[in-house]
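K.L.:
Here you go, one structure.
The values are calculated or read from the model by the stated rules, or taken from the named source; none is laboratory data. Since this is a predicted model, take the numbers as computed values, not measurements. Cβ atoms come from the backbone with ideal geometry, glycine included; neighbour counts cover every protein chain shown. Protein only, heavy atoms only, side chains kept; ligands, DNA and RNA dropped before computing areas. Shrake-Rupley method; radii C 1.70, N 1.55, O 1.52, S 1.80 Å.
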Amino acid sequence: MTPENILAPSVVVAAVESNFVPQLRDAQQDAPLGVPEGRCKSLTITHPAATINESISGFLILGFSSLGSFRYHIFIILLLLYFLIITGNVTIALIVWVEPHLHTPMYMFAGTLSFLDICYTAVTIPQMLVIFWIGSVYIAFSGCLLQMYFLHSLGITKNYLLTVMAYDRYIAICNPLRYSTIMTSKCCKRLIFVCCLCGFMSPVTKLILITFLPFCGSNEIHHLFCDLSPLLHLACADTFLNVITDFVINSCIIFLTTAFIALTYVKIVFTIIMMKSAEGRRKAFSTCAAHITVVLIFFGSVTFMYVRPQRVYAPEFDQLVTINYTILTPLLNPAVYSLRNKKIKKAIKKYLQLKDTSCSCRAMIGN
């Protein structure tokens, strides 16, 4: 064996041990002709990729890292908003559950929507509160994937439920004589079950693809929670398949449901215009206005965040939009969609009066 054949492999091995790929490529180019080309190539690709998936076991979520001491003020505001969200949505869900005369499709859908908002905010807002209080939060890789799964599955379920609620309004206004036979309690429960099933199955493909990505380098996520965009920007491999899959799934879900809701409301508006009674038109419009408000706020924010190539990523702006659909929508749902409803307000007053009466009776018995 000639000295030239001995020298070149030693240079290559030294480069591999130092994990410095550019030096390795220079060594390959400068190696004498006696070194087999295939051998040198095999040495260059085996070592760096071998441990790349073990380099990151969790992520550090930073949120608005540039706020400084101002984050404590945001913490107090967010805590107050979270209290209002939980109070309003729990009230609606419980009232619909305990009052028999509210066990109709419209109110069952409203109660389910409130329950989804409770779960949806429980996935994100407690962690956001921790971030605003201490500046950052660490989350394990498995916990990050679990948070992303529930965030997307609950959001998609809410998307489907709002679509079903539009169909419910269409039947009630455009075909009122058959409403009680079409939207039965059994049909309503089946529609809610299908919404939940489709919602929790939809993000599975995206989640599986994420688990195959290698992560290395920085583990800092400049977002308020684990989501697809910041994770893809930390990946060390080509994310084209993930981006395309996410874009196609989100586009199909949002565009199809939006088109269905738009078509439904076109028919509803024409039916309302044809009504002879002014009182009937006013009542129909007031019923639909609440649903349209919720749909516009939720669908507008979600469309901006998820129906776009995930390579288009502006952390600060994305966090502001995130606050819109994770906080504003659950906050407005009880006030806009349910608490303005006369039957729900009457049921709440009835429950409060019964509670006052029972407290008075206990006080009299105690005396």
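K.L.:
Let me make sure I get this right: for segment 208-339, a, b and c are the square roots of the gyration tensor eigenvalues over alpha carbons, sorted descending. Under 1.5 in a/c it's rounded, otherwise prolate if a/b > b/c, else oblate. Which is it?
P.N.:
Judged from the Cα gyration tensor, segment 208-339 comes out prolate (a/c at least 1.5, a/b above b/c).
K.L.:
Additional query: Please list Trp133, Trp97 from largest to smallest accessible area, probe radius 1.4 Å, with all protein chains kept in place.
P.N.:
Per-residue accessible area, sorted high to low, gives Trp97, Trp133.
K.L.:
Rank these residues by their accessible area, most exposed first, probe 1.4 Å: Tyr72, Tyr306, Tyr170.
P.N.:
Tyr72, Tyr170, Tyr306
K.L.:
Given Cα positions, please report Rg to Rh for segment 239-307, the hydrodynamic radius being the Kirkwood one. Mind dumping the intermediate values first?
P.N.:
Working: Rg = 16.6 Å, Rh = 14.0 Å.
Value, to two decimals: 1.18.
K.L.:
Between the alpha-carbon centers of segment 168-208 and segment 271-310, tell me the distance in whole angstrom.
P.N.:
If you average the Cα positions of each part, the centres end up 17 Å apart.
K.L.:
Which three numbers, in whole Å and largest first, are the semi-axes of the equivalent ellipsoid of segment 181-280 derived from its Cα gyration tensor as √(5λ)?
P.N.:
Details: eigenvalues 350, 58, 30 Å².
Largest first, segment 181-280 gives 42, 17, 12 Å.
K.L.:
Amide H of Ile221 versus every other amide H placed in the peptide plane: which residues, excluding those fewer than 5 positions away on the same chain, fall under 5 Å?
P.N.:
Leu60, Ile61, Leu62
K.L.:
Got a sec? Which residues in segment 89-129 would a label at Ser57 touch, if it sits 7 Å along Cα→Cβ and we count backbone N under 16 Å?
P.N.:
None, by backbone N distance to the label point.
K.L.:
Further, regarding this structure: Using a/c under 1.5 as the rounded threshold, could you call segment 67-136 rounded, prolate or oblate? The axes a ≥ b ≥ c are square roots of the C-alpha gyration tensor eigenvalues, and prolate needs a/b larger than b/c, oblate otherwise.
P.N.:
Since a/c reaches 1.5 and a/b is larger than b/c, the shape of segment 67-136 is classed as prolate.
K.L.:
Oh, and also: Indicate the gyration tensor shape class of segment 109-207 (rounded, prolate or oblate), computed on the Cα atoms with a ≥ b ≥ c the square roots of the eigenvalues: a/c under 1.5 is rounded; otherwise a/b larger than b/c is prolate and the rest oblate.
P.N.:
Prolate is the answer for segment 109-207, as a/c is 1.5 or above and a/b outweighs b/c.
K.L.:
Report ³J(HN,Hα) in whole Hz for each residue of segment 319-330, in order, from the Karplus equation J = 6.51 cos²θ - 1.76 cosθ + 1.60 where θ = phi - 60°; Gly and Pro get x.
P.N.:
5, 5, 5, 4, 4, 4, 8, 8, 10, 5, 5, x
K.L.:
In a solvent-free Debye calculation with one equal scatterer on each Cα, what is log10 I(q)/I(0) for segment 210-259 at q = 0.19, 0.24 Å⁻¹, listed in the order of the q values?
P.N.:
Relative scattering, expressed as log10 I(q)/I(0), comes to -0.70, -0.92.
K.L.:
Probe radius 1.4 Å, ligands and nucleic acids ignored: give me the carbon and sulfur share of the accessible area of segment 89-159 as a rounded percent.
P.N.:
79 percent
K.L.:
While we're on this one: On a 29 Å Cα-Cα criterion, which of the cross-link pairs Lys206/Lys267; Lys186/Lys276; Lys276/Lys342; Lys189/Lys349; Lys267/Lys350 come out too long? Don't jump to the answer; show the numbers that get you there.
P.N.:
Numbers: Lys206/Lys267 35 Å; Lys186/Lys276 33 Å; Lys276/Lys342 24 Å; Lys189/Lys349 27 Å; Lys267/Lys350 37 Å.
Those over the limit are Lys206/Lys267; Lys186/Lys276; Lys267/Lys350.
K.L.:
Quickly rank 175-185, 213-223 as a protection proxy: mean count of other C-beta atoms within 10 Å, highest first.
P.N.:
Result, highest mean Cβ count within 10 Å first: 213-223, 175-185.
K.L.:
Using packing as a proxy for protection, rank 101-113, 151-163, 74-86, 287-299 so that the peptide with the highest average count of other Cβ atoms within 10 Å comes first. Don't skip to the answer; put the middle values down first.
P.N.:
On the way: 101-113: 20.7, 151-163: 22.5, 74-86: 15.5, 287-299: 17.6.
Ranked from most to least packed, the peptides come out as 151-163, 101-113, 287-299, 74-86.
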